[in-house]
Amino acid sequence: MLTILGPRSTECGFCDGISRRGFLRIGALGLGGLALPRLLQAEAASAGLSGQGTAGSRHKAVIMVFLPGGPSHQDMFDLKRDAPAEIRGEFNPISTNVPGIQICEHLPRLARIMDKCTLIRSMVGMEDRHEAFQTYTGRLNRNQPPGGWPSMGSLLARLQGSGDPAVPASVGLAPKMGHPEWADSGPAGYLGTAFAPFEINKGGGKDDMILNGITLDRLSDRRALLSSLDTFRRTVDSSGQMAGLDAYTQQAFGILTSSRLVSALDIRNEDPKVVERYGKGDPRNRDDGGPKLMEHFLVARRLVEAGARCVTLAFSRWDHHGDNFGALRQDLPLLDQGLSALITDLHERGLDRDVSVMVAGEFGRSPTINKDAGRDHWPRVSCALLAGGGLKHGQVIGSTDRLGGEAASRPTTFGEVHATLYHALGLDVNKVTVPDLTGRPQFLVDPGVQPMKELIS
């Protein structure tokens with residue numbers, strides 16, 4: 001908990017003269033790691049960045065939708081009706097508004113806007129690990145540099161900052177889950193605390209964004225006192241944590257003195273017809289997974305409009321070792337509604353060229369249906385969906401074999417997807433580097449990985 005001291009008082013019983021009423025406690029805002037505000041961007045630019053892209057006059061952003069547990073690719077976007085019964089499943093394909101592209105019958109809304117989407121049916125190179133790490137970093141969770149690989153949100157916070165000083169550059173909407181790795185909003189890695197995603201639904205969350213009984217004048221007094229603290233600790237600190245807290249504190253003051261973030265999170269400020277389009281889900285957690293929060297799709301759009309550079313959300317639970325088809329009959333229509341509403345909303349607001357959307361899980365599901373009518377882990381191939389970002393859509397990239405178990409053409413990695421998203425954000429993956437804790441420059445993706453030519457205009 002970050003504690004900011006108020007002015008000295010002769011009325012208190014503390015030996016240092018600080019009154020009990022002089023403590024302003026910001027709670028979770030001291031540890032969650034908000035992104036760097038604009039006033040510190042110049043310092044970041046001079047801290048050793050190489051080949052840094054510049055944010056243009058328009059605000060670029062990305063929304064990353066994580067499907068915890070591993071969605072069943074062959075029951076969503078890559079149905080195999082010609083496969084044997086123990087492979088093909090219970091669902092039928094339907095045509096989309098792009099000739100030749102078919103998807104699951106339980107995704108009719110997405111079918112109507114497939115010209116605004118790209119399906120990748122040949123995602124490979126995944127690990128059999130129940131975590132969001134690879135989805136958010138584009139890297140394997142091994143052979144990491146000291147401090148670990150940072151997520152895309154943390155890198156964007158470091159390189160581009162927020163579009164508004166009162167809004168974190170990287171925001172995570174995932175709620176707490178029984179399996180914490182599914183609720184991870186993305187690691188800051190070697191970038192440190194200052195660039196970790198601000199997690200709305202953990203810690204004190206929204207309650208810590210309101211000044212309870214504290215005037216702006218008193219807050220200014222505390223800010224002055226905080227800045228006058230001994231700088232020796234910052235000078236000798238080699239971990240970067242103190243610098244992270246300094247940057248984080250600046251962002252905390254921005255949040256506390258502006259209503260922009262709180263307003264973005266409050267969908268009561270939205271047109272009721274738009275709220276209705278996104279629909280209502282189920283706030284209850286399912287087993288060890290997450291709830292079905294339809295409003296998070298809407299909040300993600302509102303956050304990027306307000307200035308966030310990257311918003312991550314985790315929707316429902318997709319680890320269906322049993323009753324795969326019963327669970328999908330419940331979840332697919334909800335995903336269909338929320339995701340199609342988000343993509344349509346971005347287009348109607350003219351944000352489709354500036355805001356990219358990525359949807360993926362950590363791996364796919366096994367071709368063979370098991371004895372419990374479920375599908376098991378299958379990291380050998382999976383799927384992803386992309387939209388927006390000014391990319392070329394209305395296409396399918398890659399294919400799988402007749403059983404849906406192996407990539408038959410155009411194998412694609414998370415690194416390539418991330419490289420494409422960085423390209424859409426105005427960052428050249430061949431030039432931009434960020435120094436790690438040893439001072440070694442690190443590229444945004446693994447060396448040699450390039451944006452997908454099929455998607456670049």
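Bear in mind these aren't lab numbers, they're just calculated from the coordinates by the rules spelled out. Quick caveat: nothing in here was measured; it's all calculated off a predicted structure. Here the Cβ is made from the backbone with ideal geometry for all residues, glycine too, and neighbour counts use every protein chain on show.
Going down the list Lys202/Lys273; Lys176/Lys280; Lys60/Lys280; Lys431/Lys453; Lys60/Lys392; Lys202/Lys292, which pairs span over 21 Å between their C-alpha atoms?
On the way: Lys202/Lys273 29 Å; Lys176/Lys280 19 Å; Lys60/Lys280 28 Å; Lys431/Lys453 18 Å; Lys60/Lys392 17 Å; Lys202/Lys292 17 Å.
Those over the limit are Lys202/Lys273; Lys60/Lys280.
So how do Ser316, Ser170 line up by other beta-carbon neighbours within 10 Å, fewest first?
The order, fewest Cβ neighbours first, is Ser316, Ser170.
What are the principal axis extents of the Cα atoms in the range 392-433, in Å, biggest first?
So the three principal-axis extents are 40, 23, 10 Å.
Please give the length that would be gained between Arg112 and Lys176 if that part of the chain were fully extended, namely 0.36 nm times their separation in residues minus their C-alpha to C-alpha distance (nm, one decimal).
19.7 nm is the gain from fully extending Arg112 to Lys176.
Given the alpha-carbon gyration tensor of the range 312-425, what are the semi-axes of its equivalent ellipsoid in whole angstrom, ordered largest first, with each equal to the square root of 5 times an eigenvalue?
For the range 312-425, the semi-axes come out at 27, 19, 11 Å.
Sorted by mean Cβ packing within 10 Å, highest first, what order do the peptides 419-426, 273-280, 65-72 take?
Final packing ranking: 65-72, 419-426, 273-280.
If I model a spin label at Glu127 and Asp282 as a point 7 Å from the Cα along the Cα→Cβ vector, what separation in nanometres do I get?
The two pseudo-label positions are separated by 3.1 nm.
Around Leu156, under 13 Å between beta carbons, what's the net of Lys plus Arg minus Asp minus Glu among the other residues?
Counting the neighbours of Leu156, the net charge comes to +3.
Convex hull volume of the Cα atoms in the range 349-401, per residue, in Å³?
Roughly 116 Å³ of hull volume per residue.
Ordered by packing density, taken as the mean number of other Cβ atoms within 10 Å over each peptide's residues, highest first, how do 151-161, 328-338 rank? Intermediate results must be reported in sequence, preceding the final value.
Working: 151-161: 28.3, 328-338: 20.3.
So the order, starting with the most tightly packed, is 151-161, 328-338.
Fewest first, what order do Glu86, Glu305 take by the number of other Cβ atoms within 10 Å?
Glu86, Glu305
Which whole number in µm²/s is D for the range 277-332 by Stokes-Einstein, with the Kirkwood Rh taken over Cα pairs at 10 °C and 1.306 mPa s?
Answer from the Stokes-Einstein relation: 126 µm²/s.
What does the charge count around Ala408 come to, taking other residues whose C-beta lies under 13 Å from its C-beta (Lys +1, Arg +1, Asp -1, Glu -1)?
Taking every other residue near Ala408 into account, the sum is +2.
Any idea what % of Cα-Cα pairs in the range 60-217 are farther than 27 Å?
43 percent
With r as the distance between the Cβ atoms of Arg260 and Arg353 and R0 = 25 Å, compute the FRET efficiency 1/(1 + (r/R0)^6) and round to 0.05.
0.60
Would you calculate the separation in nanometres between label points at Lys202 and Ile456, each defined as 7 Å from the Cα along the Cα-to-beta-carbon direction?
Placing both labels 7 Å beyond Cα along the Cβ direction yields 3.4 nm.
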